[in-house]
1. How about segment B:1-45: which of its residues are away from chain A (no Cβ under 14 Å), touching a helix residue (DSSP H, G or I) at 6+ places or on another chain (Cβ under 7 Å) and aliphatic (A, V, I, L, M)?
2. Which of the residues that make up segment B:366-375 are surrounded by 20 or more Cβ atoms within 10 Å (Cβ to Cβ) and farther than 12 Å from B:LEU356 by Cα?
3. Taking the residues in segment B:126-168 that are in a helix (DSSP H, G or I) and hydroxyl-bearing (Ser, Thr, Tyr) as candidates, determine which candidate is farthest from B:ASP37 (Cα to Cα).
4. Need a quick list: helices (runs of 4 or more DSSP H) entirely within segment B:328-421 having at least 1 residues that are among the aromatic types (Phe, Trp, Tyr) and farther than 21 Å from B:ILE304 by Cα.
5. Hand me the list of helices (runs of 4 or more DSSP H) wholly inside segment B:220-325 holding 1 or more residues that are touching a helix residue (DSSP H, G or I) at 6+ places or on another chain (Cβ under 7 Å), crowded, with 20+ Cβ neighbours inside 10 Å and among the acidic types (Asp, Glu).
6. On the basis of being more than 17 Å from the chain's Cα centre (by Cα) and in contact (Cβ under 8 Å) with a residue 12 or more places away in the chain, does B:PRO262 make the cut?
7. So which residues in segment B:326-345 are surrounded by 20 or more Cβ atoms within 10 Å (Cβ to Cβ) and either more than 18 Å from B:VAL377 (Cα to Cα) or in contact (Cβ under 8 Å) with a residue 60 or more places away in the chain (or both)?
8. Consider segment B:346-356. How many of its residues are farther than 13 Å from B:LYS320 by Cβ and surrounded by 14 or more Cβ atoms within 10 Å (Cβ to Cβ)?
Amino acid sequence: MRVLVMVKASKESEAGGLPTAQEIAEMGRFNEKLVEAGVMLMAEGLHPSSKGVRVRFEGKQRTVIDGPFAETKELVAGFWLWQVRSMDEAIEWIKRAPLFDGGMEIELRPVLEMDECGAAATPENRERVARMHEKLAKD
Amino acid sequence: MTTADTHRTIEAVWKIEAPRLIAGLARMLRDVGQAEDLAQEALVVALERWPVDGVPDNPGAWLMTTARRRAIDLIRHHRMRDDKQAALDYELQPDAMTHAPDHADALDDDIGDDLLRLIFTACHPVLTREMQVALTLRMLGGLTTPEIARAFLVPEPTIAQRIVRAKRVLAEKQVPFEVPRGEELAPRLASVLEVIYLIFNEGYTATSGDDWARPALCEEALRLGRVLAGLAPREPEVHGLVALMEIQASRLHARIAADGAPILLLDQDRSRWDRLLIRRGLAALERAEQLGGADGNYALQAAIAACHVRALHAEDTDWKRIAALYARLAEVAPSPIVELNRAVAVSMAEGPEAGLRLVDALQKERALAQYHLLPSVRGDLLCKLGRREEARAEFERAAAMTGNARESEFLRQRAEACVER
């Protein structure tokens with residue numbers, strides 16, 4: 001299974017402060033372990049929300065709202081995408097992450113995989129199989 | 001935390017730590033079987049203590065300390081035994097106790113080498129392929145015996161026995177805990193890659209049972225491949241294998257219909273292919289090629305798979321290049337199965353007649369006598385040429401050969417479709 005691990009924004013991340021060399025090194029070691037264990041699929045940090053926008057949908061109208069956005073704790077500052085065997089394993093890994101402190105929360109969400117969307121895909125797939133058979137018969 | 005929660009935590013910790021734990025212990029004891037036993041014992045202690053004392057802050061280090069203490073007892077015991085040879089053996093490996101670090105973290109520098117030794121030992125040629133697979137999943141994947149048994153649809157005692165026998169063989173043959181060097185490295189690495197790819201394929205195309213694929217095994221093999229690529233980054237074929245598995249796995253969800261029936265490559269909805277895995281696969285292929293491994297067995301197979309994923313629509317597929325890559329693969333790793341695949345590529349590039357000529361040349365190939373894809377491919381080509389009755393007979397022959405219920409059903413449907421108007 002895959003898990004999206006979201007690091008929430010903080011005052012510092014929203015201020016656009018860059019991590020120190022030591023912090024980069026510490027996080028780098030953790031990331032290395034994730035790679036070595038075959039867990040890491042992706043890792044990205046985000047610019048503060050002041051550089052982001054939101055696009056609001058209302059009927060046919062699209063409104064672009066410029067950042068920054070207020071609710072700091074609900075904002076995402078960076079994310080990992082992990083390949084693990086269970087949520088428990090993901091939890092075990094995140095517990096080992098360095099640097100996070102001061103009530104900071106990291107949110108872990110399992111990725112909805114294709115085969116879990118099975119019900120929605122059923123008619124389409126059935127049709128495809130039928131089409132294929134049709135094609136074979138005509139050839 | 002309830003006891004059930006703690007047990008789930010322990011299970012997760014175990015899956016993460018087991019390979020490092022066993023590898024570290026094997027270096028101390030020079031006996032992989034004993035190392036695995038001691039690691040299991042440490043797990044049992046954790047299962048007793050953690051629900052009572054709480055989960056330690058650094059569960060990995062806790063397990064290592066617990067197991068290492070037992071290992072040191074064992075070494076002392078060996079030393080005290082009235083057996084001069086054992087004492088001598090021990091003296092020859094002084095790092096076991098005197099150099100054993102105090103903190104598990106201090107092991108980190110060497111752990112990579114130990115893990116690599118562990119992989120090579122689990123896939124050692126003195127073991128049968130089945131033993132290699134079971135031992136690899138158990139020691140490198142942290143899988144339990146029931147988990148392995150479920151994945152391979154065999155009874156638990158069978159797997160348990162394979163693991164016990166494998167450990168015994170390793171001990172009896174005194175297989176050294178080391179990474180092979182020089183001329184020995186290439187064939188030994190090939191053996192490791194084969195084991196990983198076999199696990200992947202067992203998941204990708206289940207050879208028996210009703211399920212078309214068991215994705216968990218694919219994920220496990222991919223994980224092992226990625227780990228190996230980190231441990232042996234200069235080996236092009238490791239990256240070639242990872243590339244091949246990443247690209248094949250990208251199609252995992254698109255190749256099975258909601259009702260469980262297989263969907264052929266050219267009929268798959270390409271929007272359902274996993275772009276992230278494709279990107280990772282192409283990157284791994286590039287690394288293999290940069291390291292001078294473009295002509296490797298796995299790299300060539302990955303390059304072929306890459307041709308498919310680079311085409312946004314099935315009709316855009318570069319079949320000429322695929323046919324050329326198969327021709328190269330047939331030189332590097334000649335096999336009737338490669339030849340059969342080349343025939344399919346040639347039929348797509350030059351037309352069904354050209355393909356059929358190659359397939360017909362394979363009819364007497366003994367290695368393919370029981371291979372259902374030979375009549376299946378032949379049936380497909382005959383069908384395209386309008387030779388429907390012959391095609392139906394081939395599909396029926398193929399259906400009778402496969403052990404996979406889903407695939408058999410699919411082939412029977414194709415047999416019927418041949419003659420329907």
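1. Within segment B:1-45, B:ILE22, B:LEU25, B:ALA26, B:MET28, B:LEU29, B:VAL32, B:ALA35, B:LEU38, B:ALA39, B:ALA42, B:LEU43, B:VAL45 meet the criteria.
2. Of everything in segment B:366-375, just one residue is surrounded by 20 or more Cβ atoms within 10 Å (Cβ to Cβ) and farther than 12 Å from B:LEU356 by Cα, namely B:HIS372.
3. B:THR158
4. Result: B:388-401, B:405-419.
5. Where helices (runs of 4 or more DSSP H) fall fully within segment B:220-325 and carry at least 1 residues being touching a helix residue (DSSP H, G or I) at 6+ places or on another chain (Cβ under 7 Å), crowded, with 20+ Cβ neighbours inside 10 Å and among the acidic types (Asp, Glu), they are B:236-250.
6. Yes, satisfied.
7. B:LEU329
8. Result for segment B:346-356: 3.
The values are calculated or read from the model by the stated rules, or taken from the named source; none is laboratory data. Not measured: the values here are computed from a predicted model. Reconstructed Cβ throughout: ideal geometry from the backbone, glycine too, with neighbour counts over all protein chains shown.
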